[in-house]
1. Just the residues that are out of contact with any Phe, Trp or Tyr (no Cβ under 8 Å at 6 or more places or on another chain), under 24 Å from residue 184 (Cβ atoms) and in a loop (DSSP other than H, G, I, E, B), please, taken from segment 275-326.
2. Among (1) touching a residue at least 60 places away in the same chain (Cβ under 8 Å); (2) outside the structural domain of residue 95 (by TED's automatic domain parsing), which single condition is residue 257 missing?
3. Within segment 162-181, which residues are assigned to a helix (DSSP H, G or I) and free of Cβ contacts under 8 Å to residues at least 40 places away in the same chain?
4. List the helices (runs of 4 or more DSSP H) inside segment 1-77, counting only whole elements, that have at least 2 residues being at pLDDT 90 or above.
5. Looking at 209, 153, which one is among the hydrophobic types (A, V, I, L, M, F, W, C) and not in a helix (DSSP H, G or I)?
6. I'd like the full set of residues that are crowded, with 18+ Cβ neighbours inside 10 Å and farther than 18 Å from residue 311 by Cβ, limited to segment 86-102.
7. For segment 334-351, which positions are touching a Gly at 6+ places or on another chain (Cβ under 7 Å) and part of a loop (DSSP other than H, G, I, E, B)?
8. Can you tell me which residue in segment 195-217 is farthest from residue 51 (Cα to Cα), limited to those that are crowded, with 20+ Cβ neighbours inside 10 Å and of a type outside the set (Val, Ile, Thr)?
Amino acid sequence: MKKWISILMVMILALSMAACSSNQEAPATDGGGEAAMEEMPKIGVTIYKFDDNFMSFVRRSITTAAEGNAELILNDSQNNQATQNDQVDMMISKGVKALAINLVDPQAAETIIAKAKAEDMPVVFFNKEPSAEALKSYDKTWYVGTASAEAGVIQGEMIAEMWKANPEWDRNGDGVLSYVLMKGEPGHPDAEARTKYAIETAVEKGVKVEELELQTGMWDSVKGKELMDAWIAKHGDAIEFVVCNNDAMALGAVQSLNANGYFEGDMYMPVVGVDAIPDALEQIKAGFMAGTVLNDAKNQGKATFDLVQNVAMGEDPLAGTEWKFDENKAVRVPYVAITVDNIDFAEKAYE
């Protein structure tokens, strides 16, 4: 009898221990598992055109910053504003907490703002700047980008310094810099400002200039090559400087110049761009581009994500960051002049 009582007690004890074990909480996995994923905000992002050289690096910076910090819904607007408007509607319907918008058309900012405002949703525009009035129309709207005039001023200073340091570039010896200029998208704030201030600054620095051609290359390498081919056929050696609103068009110009025998012997043509994308940096090192202006894609992407993550979490947009707003609710990422002498600085921006 005692034996059976002992066996019964052991069985009861074993069952009791099993019950206690089943009521204990399972240990958390690294990063909190699914719970941590649920805490990450869902953020909607649109890029005006994925295959834009510069914006591809901004996009990479945003996605890198988002790893482990947010769930991104990322869209290629294919340079179509109607497509972008539809994408914004779709992202809102999927429950995003905030929007980061690289506008196709800066004039469409009011439409995007109206959609966001109807949902009480914060929106951070980046790279293509809405008007100051549009930004001020909604208290949950901000901008990340550059001061549009700054790139033009820096490029103009570079042109003046190079022209004075290389008198042999004045082929006909008339003391006048005869240039062609490839402009970005007409109406784009950066294209208008870079075009205006590059030449104005060079003149202010004491350079006499003659405009041979000014046409839009739409930020595109293929169009840049086509323009340069036509200009060489029309003007030949009368061209003494090629000024481009961005590096993509500058790369197209270099391709054309190479095909037409430049950069061999005494046949040299100074070409300057803006953005300091890796392909352009390689051309500078090879001696085919004279210089560019660093448009800091890495920090534009990082600042954009920092702000949109904060507002998606209900925080102040600048919380925990070193970014600062100007009077137009904009974070301005500075430009830097790049030549072969400081090319390492630009290359670090793409690490």
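1. Once the filter is applied, which keeps residues that are out of contact with any Phe, Trp or Tyr (no Cβ under 8 Å at 6 or more places or on another chain), under 24 Å from residue 184 (Cβ atoms) and in a loop (DSSP other than H, G, I, E, B), segment 275-326 yields 276, 289, 290, 326.
2. Every listed condition holds for residue 257 apart from (1).
3. 165, 167, 168
4. Hits in segment 1-77: 53-66.
5. 209
6. 87
7. 339
8. Filtering segment 195-217 for residues that are crowded, with 20+ Cβ neighbours inside 10 Å and of a type outside the set (Val, Ile, Thr), the one farthest from residue 51 (Cα to Cα) comes out as 202.
The values are calculated or read from the model by the stated rules, or taken from the named source; none is laboratory data. Predicted model, so just to flag it, every value in this text is computed and none were measured. Cβ atoms come from the backbone with ideal geometry, glycine included; neighbour counts cover every protein chain shown.
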